[in-house]
């Protein structure tokens, strides 16, 4: 706005204007202008440029007029100002005041802009130098900065900002950085100054800041950048402060984070439960070789689409049964499901990891199955054996036995069933014992055992296969040759024995044998007369008798725990041969020597023996004698009878010899006699004739009868029978 | 006047007759009832060289052979039979009583003419007489009033001597064949063995409680009871037997495993025979002087017999299913 002042000093301005001309020639005035620390001389018609710090903010210039002319009567006539009202002045003396030469006269011009535009003014100071009025013209030019603000978000458009306005930074992923460029535009006419720029608010930073007190020329702009690095999804607030010369402006800042957040749920058995990465997804107990499944639902609960780049399982026992195709982008609120199958093959806990994107979950399930482990115990040492593995026995002497205990342990969590335990093929050296009743049920953590016994019958290696259900274990054993049987002896000596005896025989080893033995003592009879004697047998009946010799002992034990056995020597001449045989109880190894020692009992052929004579019948005229005896040679030639008369009686023929050879040849050669050896019973009847003296009948005359038997080897002792 | 007796033998004068007369045979020591084989078997040979022969009569539940060795009473399928000609090739049998019931004990008299039968199931005694001629079986006599368990039994002629255990001990009764009531002879703690003396009038009974042997003289008449061997003479007696010559009484003791001999003449102990087994009884083997002392177990335990003849001793007799053969 331009205005025209009418002042008493108008004449002075006129003078000045004139003076200006004069100055152009020979001006008697020195005009010095000082703005701040800046001092400059000014000629009339010169211009004082005044730049305010801001619209409305005053700035002053001090003018110093010093008259250097020769006139002594100089005074200011008028000061006249024209131009923008933003200028004002003070300080010149009144026109009546004489101006002393070389004495500075001060004047102050103040510029207080009301607009950002450049404004002008003219100050004409007219003075009088005694004759004429001379103008001195001083031009004034005023400028002022005027800042405007705007910002341009990253990837966005420029937006003007009013003081207190909001700078919205683009949302960005957490920990990423978004930015906005802030412009300070000097749209005024003079240079402005920005003193400082600062920012507050978490996550907000400034970059590209100017130095403090940076001048911004008119029409120029100053830029800096606001950065935002979100730590949270939620919007964050901050502020940026710009300190100008005249004021401090604040602009609000806001920014937010972007996050694709995945939430998870487990759907199992109709129940849904939330789960977070790192937690365990539990599967129901599942029988081995069967399957169970769990569905995992993943949902994007964030504010930006998220991508699941992969879905996988790390570990065995689990499989992805169903899943979306990856990479899978889930918009906020969208979800997808992943089905995981649990396929245990063994008993026990099975763990793995499920990876969905960057998230890991522990998978845990229990396989339900019986799990059998097999051990064998030998010599106090337990060893595990696998299917088709080998069970090794301690080496054993033939005749001995060694056992290993097979243990079937169920380490699983379901009962196991054992339907069969057997040897792969019939074995003569391996036997099973203490077997459980089939089918046998083995509860979890329980053990069933049985014995496998190795009883070698020959030296060398032996193998067999042990089958437990469908499993096979190899049995391997070796046997050393059996210890030789110690010498043995009988409890009686070989030699002659009497017929009709019942001697006892015992059998004893010279030293203990380490293994239990059993055996048979066999009796044979070698008749000297070609006919055997069935009475020659053991007391227990028959011609063989079993015995046993406990391990580590020497004496044979017969029936009824007797240490001896009796036999009958019979009535026939011959040799009774006792031959033992020995076998081991375990394995049945025959230890009988090739030429076993025998006990030979000999019954010799001898003269007949008369055992008994009885009167089987007696009449008045005859008596019948029953004679029992034997002849080991099965031969009898004669019987002799001697009759002793009763006292007072006389017997004309007291001795009677009866040849009996033919009768006994017939008897002994007949089959009937063979049941009796050489034993016989014969009856003979004697008839008497004649007269009696003191008795009533003929047979009463005989007191007794003495009998003998004779063969080629001799005559038996007499046996007498009393007829009374 | 003195007369001369001329001795003539058929052998020396009549050869054919002599050959027939002298024909030897095999001695048979007696007959036993083999409960395992359910048969009557002969004991072939003599003591010391004998063995059980093949079955003469089989398929019988109970049997007893007469002292003569010629007859036997057997129970077969509930019927009581008399077997004659036992030792012959073709024994004959005669049914004496159908439905004779269970017979536990059969005891013959000495002359093989009668036998007494005891049934524990029926609690009866029954006499079978005329066995050497026309057999007859008498009415059963209720013996239950006498006691609950028969502990000793003997038959003298047709008079029965029976010992019974009752609730208070034992008693020995005489049971006449006349139908009269049994007559108490003597009470004992435990009547365990009974033997008839050779005269058939006297008896000996052993008391298992006191170990005493009592002699009952003239048991059929005015009897008297004497102590033959004092208390403690024989422990746990299980059998009494009279020697063939009638001079010795043998008593078998189970606990001391021995056979004690007592002289019937001096009434003193005459010796003892130790045993290596525990005797169960003394039962005469028909036809001889042998007494069986136990039940044989085939293949393990022989028959054990006491020879009460001229040379007393204890012998075994092998018993097998295959007499005389290989075992």
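The values are calculated or read from the model by the stated rules, or taken from the named source; none is laboratory data. As the structure is a prediction and not an experimental result, all values here were calculated from the model. Here Cβ is always computed from backbone atoms with ideal geometry, including for glycine, and neighbour counts include all displayed protein chains.
Which of the residues spanning segment A:589-605 are under 29 Å from residue B:319 (Cβ atoms) and more than 14 Å from every other protein chain (Cβ to nearest Cβ)?
A:592, A:596, A:598, A:599, A:600, A:602, A:604
In contact with a strand residue (DSSP E or B) (Cβ under 8 Å, 6 or more places away or on another chain) and under 30 Å from residue A:484 (Cβ atoms): which single residue out of A:461, A:445, A:416 fits that description?
A:461
Have a look at A:462, A:478, A:506, A:494 and point out the one that is crowded, with 16+ Cβ neighbours inside 10 Å and within 14 Å of another protein chain (Cβ to nearest Cβ).
A:506
Filter segment A:548-565 down to the residues that are away from every other protein chain (no Cβ under 12 Å) and crowded, with 22+ Cβ neighbours inside 10 Å, then identify the one that is farthest from the chain's Cα centre (by Cα).
Only one residue fits best here, namely A:556.
Residues in segment A:665-688: is at least one buried (at least 16 other Cβ atoms within 10 Å of the Cβ) and at pLDDT below 85?
yes
Report whether or not residue B:25 is within 14 Å of chain A (Cβ to nearest Cβ), at pLDDT 90 or above, over 19 Å from the mean Cα position of the chain (by Cα) and buried (at least 20 other Cβ atoms within 10 Å of the Cβ).
So residue B:25 does not fit the description; no.
Take residue A:388 and decide whether it is under 30 Å from the mean Cα position of the chain (by Cα) and surrounded by 18 or more Cβ atoms within 10 Å (Cβ to Cβ).
Here the answer is no, as residue A:388 does not meet what is asked.
Could you tell me which residue of segment A:622-645 is farthest from the chain's Cα centre (by Cα), considering only residues that are over 18 Å from residue A:570 (Cα atoms) and more than 10 Å from chain B (Cβ to nearest Cβ)?
Per the stated criteria, the residue is A:644.
Checking the structure you have, find out if any residue of segment B:125-134 is surrounded by 22 or more Cβ atoms within 10 Å (Cβ to Cβ), modelled with pLDDT of 95 or more and not in a strand (DSSP E or B).
Checked against the condition, which is being surrounded by 22 or more Cβ atoms within 10 Å (Cβ to Cβ), modelled with pLDDT of 95 or more and not in a strand (DSSP E or B), segment B:125-134 yields at least one hit.
Rundown of residues vs (1) within 30 Å of residue A:403 (Cβ to Cβ); (2) in a strand (DSSP E or B), yes/no style:
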| position | (1), (2) |
| --- | --- |
| A:295 | no, yes |
| A:298 | no, yes |
| A:307 | no, yes |
| A:363 | no, yes |
| A:367 | no, yes |
| A:370 | yes, no |
| A:373 | yes, yes |
| A:388 | yes, no |
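Evaluate the following for residue B:276: is it within 12 Å of chain A (Cβ to nearest Cβ) and exposed (fewer than 15 other Cβ atoms within 10 Å of the Cβ)?
So residue B:276 passes the test.
What do you reckon, is residue B:95 surrounded by fewer than 13 Cβ atoms within 10 Å (Cβ to Cβ) and either touching a helix residue (DSSP H, G or I) at 6+ places or on another chain (Cβ under 7 Å) or farther than 12 Å from residue B:33 by Cβ (or both)?
yes
Kindly check whether there is at least one residue in segment A:583-591 that is under 60 Å from the mean Cα position of the chain (by Cα), part of a strand (DSSP E or B) and touching a residue at least 12 places away in the same chain (Cβ under 8 Å).
yes
Only one residue in B:32, B:43, B:60, B:75 is in a loop (DSSP other than H, G, I, E, B) and either surrounded by 19 or more Cβ atoms within 10 Å (Cβ to Cβ) or within 12 Å of chain A (Cβ to nearest Cβ) (or both), so which one is that?
So the residue among B:32, B:43, B:60, B:75 that is in a loop (DSSP other than H, G, I, E, B) and either surrounded by 19 or more Cβ atoms within 10 Å (Cβ to Cβ) or within 12 Å of chain A (Cβ to nearest Cβ) (or both) is B:60.
How many residues, within segment A:689-724, are more than 26 Å from residue B:27 (Cα to Cα) and surrounded by fewer than 22 Cβ atoms within 10 Å (Cβ to Cβ)?
Number satisfying all stated conditions: 12.
Please find, within segment A:279-293, the residue that is surrounded by the most Cβ atoms within 10 Å (Cβ to Cβ) out of those that are in contact with a strand residue (DSSP E or B) (Cβ under 7 Å, 6 or more places away or on another chain) and assigned to a loop (DSSP other than H, G, I, E, B).
Step by step, filter segment A:279-293, then rank; the result is A:283.
All but one of (1) touching a helix residue (DSSP H, G or I) at 6+ places or on another chain (Cβ under 7 Å); (2) at the interface with chain B (Cβ under 8 Å from one of its Cβ atoms) hold for residue A:653; which doesn't?
So the condition that residue A:653 fails would be (1).
Scan segment B:305-327 residue by residue and report those that are modelled with pLDDT of 90 or more and more than 9 Å from chain A (Cβ to nearest Cβ).
Answer for segment B:305-327, where residues must be modelled with pLDDT of 90 or more and more than 9 Å from chain A (Cβ to nearest Cβ): B:305, B:306, B:307, B:313, B:314.
When you check residue B:65 against the structure, is it surrounded by 19 or more Cβ atoms within 10 Å (Cβ to Cβ), at negative phi and free of Cβ contacts under 8 Å to residues at least 40 places away in the same chain, yes or no?
no
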